[in-house]
Amino acid sequence: MSGQLQSAAQDPKALNPPPQSHGSQGDLSGDDVNAIDRLQQAYADLRRELSRVIVGQAEAIEQLAICFFARRNALLVGVPGLAKTLLVGKFAETLSLSFSRIQFTPDLMPMDITGTDILQDTAEGRREFQFVRGPVFANVVLADEINRAPPKTQAALLEAMQEGNVTVLGKEFALPSPFMVLATQNPVEQEGTYPLPEAQLDRFMSLIELGYPSEAEEIQIARMTTGERQPVLDSLLSVEQILSHQEVVRRVPVPDHLYEFAAKLVRQTRPDGGTAPDWLIPLVAWGAGPRAVQSLILGAKSRAALYGSYMVRQEDILAVASPVLSHRLVLTFAAQAERITAREIIAKLI
């Protein structure tokens, strides 16, 4: 029995054959099965290509890919020097996507992100206002240290995340597709920052934490970055292929009991709903909202497809639970005083 489970862990298809899904969304078609197989191969190629310049950070790469193919945004947290900018830039490079980086500062204005109308001379000798696009008009946007900009500037980016367009002087401009925002926060220095309110944090599907590398990885990083120039990565997917993969992720079936499992897990984080365990109530002031359930299901669908599974499994939900829920919990002073983190609370729940 243990050998069967081990082989199933190595090959998710062993537990998830394509013919029957028994989910509430119906079975996958033959074309969808083939599309998931192609996505699994593309994800394996993506990890291999990124490993040419990114050492370690396997979990961060996985969560980044899950958010991207689920058409959601993510928040990256890590101390300086952990290659957050390099990871996002190379991720966009391997997927043939345009990339822009915005360094958030206290004096950054909304028009510095969205763009604005500028008076220009036309060929006929007249002067007209022409819209000059800002750095948000890219497929992958890195918002570096988003908490250093004032709320008005943060709101300009959050509108783009939620609506898929920007409004400048009363006119709407559609953003390119696919579109993803990756915002970073520095967990070390919080002086002079404008922390994101809980309602804005809720718009990010996952909180991806990047940790220090191991000693062996740190030695490898030093060897790679102090020698010759870094390699140019191959482009693996076209925009049309990416959009097709994002569509098939939405069609991955979810068994009914896993919808119930995701909802019950989120409801257990709410201390005032009568659904939380007794030990959690003094530690959490506010729990996760309905967006968390949606993100759990979408993240599980994306992870299942990336690993070549034709149906969402419980392990897919558990794998995305901590990144999806950790930034949605508001801890009490008692939890902070005891240095209990949201991730530890979620780990105990699951």
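The values are calculated or read from the model by the stated rules, or taken from the named source; none is laboratory data. The shown structure was predicted, so the numbers you read here are calculated from the model rather than taken from an experiment. Here the Cβ is made from the backbone with ideal geometry for all residues, glycine too, and neighbour counts use every protein chain on show. The protein model used for the area step is the full one, side chains on, heavy atoms only, and it has no ligands, DNA or RNA in it. Shrake-Rupley method; radii C 1.70, N 1.55, O 1.52, S 1.80 Å.
Taking residue 235, is it closer than 25 Å to residue 49 by Cα, assigned to a loop (DSSP other than H, G, I, E, B) and among the polar types (S, T, N, Q)?
yes
Read through the list (1) of a type in the set (Ser, Thr, Tyr); (2) over 24 Å from residue 64 (Cα atoms); (3) in a loop (DSSP other than H, G, I, E, B), then give the number of the only condition that residue 96 fails.
Here residue 96 clears every test but (2).
Looking at residue 100, is it hydroxyl-bearing (Ser, Thr, Tyr) and open to solvent by 50 Å² or more (accessible area, probe 1.4 Å)?
no
Has segment 162-182 got any residue that is of a type in the set (Ser, Thr, Tyr), open to solvent by less than 20 Å² (accessible area, probe 1.4 Å) and either part of a loop (DSSP other than H, G, I, E, B) or touching a Phe, Trp or Tyr at 6+ places or on another chain (Cβ under 9 Å) (or both)?
No; the residues of segment 162-182 include none that is of a type in the set (Ser, Thr, Tyr), open to solvent by less than 20 Å² (accessible area, probe 1.4 Å) and either part of a loop (DSSP other than H, G, I, E, B) or touching a Phe, Trp or Tyr at 6+ places or on another chain (Cβ under 9 Å) (or both).
How many residues does segment 320-350 hold that are free of Cβ contacts under 8 Å to residues at least 24 places away in the same chain and surrounded by 20 or more Cβ atoms within 10 Å (Cβ to Cβ)?
The total comes to 1.
Considering each of 52, 48 in turn, give the residue that is open to solvent by 50 Å² or more (accessible area, probe 1.4 Å), out of contact with any Ser or Thr (no Cβ under 6 Å at 6 or more places or on another chain) and either at pLDDT below 75 or assigned to a helix (DSSP H, G or I) (or both).
Unique residue meeting the criteria: 48.
Given the structure, is residue 275 farther than 29 Å from residue 324 by Cα and at pLDDT below 90?
Answer is no for this residue.
If a residue has to be among the polar types (S, T, N, Q) and in contact (Cβ under 8 Å) with a residue 12 or more places away in the chain to count, how many in segment 252-300 make the cut?
The qualifying residues number 3.
Quick grid of which residues meet (1) among the small types (Gly, Ala, Ser); (2) touching a Gly at 6+ places or on another chain (Cβ under 8 Å); (3) in a loop (DSSP other than H, G, I, E, B):
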| residue | (1), (2), (3) |
| --- | --- |
| 66 | no, yes, no |
| 76 | no, no, no |
| 89 | yes, no, no |
| 108 | no, no, yes |
| 123 | yes, no, yes |
| 132 | no, yes, no |
| 155 | yes, no, no |
| 158 | no, no, no |
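Within segment 124-158, track down each residue that is without any contact (Cβ under 8 Å) to a residue 40 or more places away in the chain and surrounded by fewer than 19 Cβ atoms within 10 Å (Cβ to Cβ).
124, 125, 126, 127, 128, 129, 130, 132, 135
Looking at (1) in a helix (DSSP H, G or I); (2) open to solvent by 20 Å² or more (accessible area, probe 1.4 Å), which is the one condition that is false for residue 278?
Result: residue 278 passes all but (1).
For segment 223-241, how many residues are farther than 18 Å from residue 45 by Cα and either in contact (Cβ under 8 Å) with a residue 60 or more places away in the chain or surrounded by 11 or more Cβ atoms within 10 Å (Cβ to Cβ) (or both)?
3
Could you tell me whether residue 309 is open to solvent by 40 Å² or more (accessible area, probe 1.4 Å), under 20 Å from residue 72 (Cβ atoms) and over 16 Å from the mean Cα position of the chain (by Cα)?
Taking the combined requirement at face value, the residue does not satisfy it.
Taking into account only those residues within segment 246-262 that are open to solvent by 10 Å² or more (accessible area, probe 1.4 Å) and in a helix (DSSP H, G or I), which is nearest to residue 299 (Cα to Cα)?
250
Considering only residues that are open to solvent by 80 Å² or more (accessible area, probe 1.4 Å) and either of a type in the set (Ser, Thr, Tyr) or in a strand (DSSP E or B) (or both), which ones fall in segment 110-121?
Listed by number, the residues that qualify are 119, 121.
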